[in-house]
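S.K.: Before I ask anything, let me first share the structure, which is written out below as structure tokens.
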Amino acid sequence: MLIEQEKTYLAKFLPEDLDKYPKKEIVDIYYPKEAVHAVLRLRKNGSKYELTKKTDIGDDKSQKLEQTVPLDENEYLALAHASGKKVSKVRYYYPYQGLTAEIDVFQDELSGLVEVDFEFNDIGKLKEFEIPDFCLVDVTNEDFAAGGMLCGKSYSDIEGELERVGYKKIAWGFEQKDSENRI
């Protein structure tokens, strides 16, 4: 169990050299399917598998209690058959000012949505952090941008919320190329 300290932004644009950095394909399945905002997540992260539950600590969603159980592929496959809501993305690991920006380029029905996460080891650094130029707006405390809310939705389902914060759909042509930087 750990306390996750994280900021989430909507991207303004993708860094030009993003395709040079490592990436992983991620598939998340959230449970229960009926939940408005599911907090239990089954994840295929490249060739790793895990079950994670994130719980808000207070009103500020930049800090969450995170409980993760590593799984093997057979355990993942057994659980993946349960009815849940799915979301797919490609996560790029982009260096930024001594941190790693986790740039999530959403796939399928959420194509055009790009979120950027930064994780912090201490709350002071989280609070002092200034938004990068490639990011548009901080959505850490916006429910519509949370993974448990995005799962099972399409871009058009959240388009009104995205327009409210000034987000414009992002095209990502280099994503179609095979890359040796895949993790």
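S.K.: Under the rule of -39500 (n - 2.57) per DSSP H run of 4 or more residues, summed and divided by the residues of the chain, what mean residue ellipticity at 222 nm is obtained, to the nearest 500 deg cm²/dmol? Each step should come with its number before you reach the end.
M.R.: Working: 4 runs with 28 residues, N = 183.
One gets -4000 deg cm²/dmol as the mean residue ellipticity at 222 nm.
S.K.: What are the extents of the Cα atoms of the range 112-178 along their three principal axes, listed from largest to smallest and rounded to whole Å?
M.R.: For the range 112-178, the Cα extents along the three principal axes come out at 36, 31, 22 Å.
S.K.: Would you work out which of VAL116, GLY166, ILE26 lies farthest towards the positive end of the dipole of the range 2-176, given +1 charges on the beta-carbon of Lys and Arg and -1 on that of Asp and Glu, about the Cα centre?
M.R.: ILE26
S.K.: Here is a further query. Ratio of alpha-carbon Rg to the 2.2 N^0.38 Å globular estimate for the range 46-183, to two decimals, please.
M.R.: Scaled against compact globular proteins, the figure is 1.13.
S.K.: Right, next: Using the basic label-point model (7 angstrom from Cα toward the beta carbon), what is the LYS86 to LEU2 distance in nanometres?
M.R.: Modelled inter-label distance: 2.9 nm.
S.K.: Sorting check: for 138-151, 42-55, 71-84, which peptide has the highest mean count of neighbouring beta carbons within 10 Å, and how do the rest follow?
M.R.: Taking the mean over residues of other Cβ atoms within 10 Å, the ranking is 138-151, 42-55, 71-84.
S.K.: Report D for the range 65-135 in µm² per second (integer): Stokes-Einstein, Kirkwood Rh on Cα pairs, 4 °C, 1.567 mPa s.
M.R.: So the translational diffusion coefficient is about 86 µm²/s.
S.K.: In the structure shown, do any of LYS33/LYS53; LYS33/LYS168; LYS44/LYS86; LYS44/LYS153; LYS53/LYS89; LYS48/LYS153 have a Cα-Cα gap over 23 Å, and if so which?
M.R.: Too far apart for the 23 Å limit: LYS33/LYS168; LYS48/LYS153.
S.K.: I need the semi-axes of the equivalent ellipsoid of the range 1-108: take the C-alpha gyration tensor, multiply each eigenvalue by 5, square-root it, list largest first in whole angstrom.
M.R.: Value: 24, 19, 14 Å, ordered largest first.
S.K.: In what sequence do ASP59, ASP157 fall when counting other Cβ within 10 Å, fewest first?
M.R.: Ordered from fewest to most neighbouring Cβ atoms within 10 Å, ASP59, ASP157 come out as ASP59, ASP157.
Every number here is computed from the coordinates shown, using simple stated rules; none is lab data. Small disclaimer: the values here were computed from a predicted structure and weren't measured. Note that each Cβ is placed from the backbone with ideal geometry, even for glycine, and that neighbours are counted across all protein chains shown.
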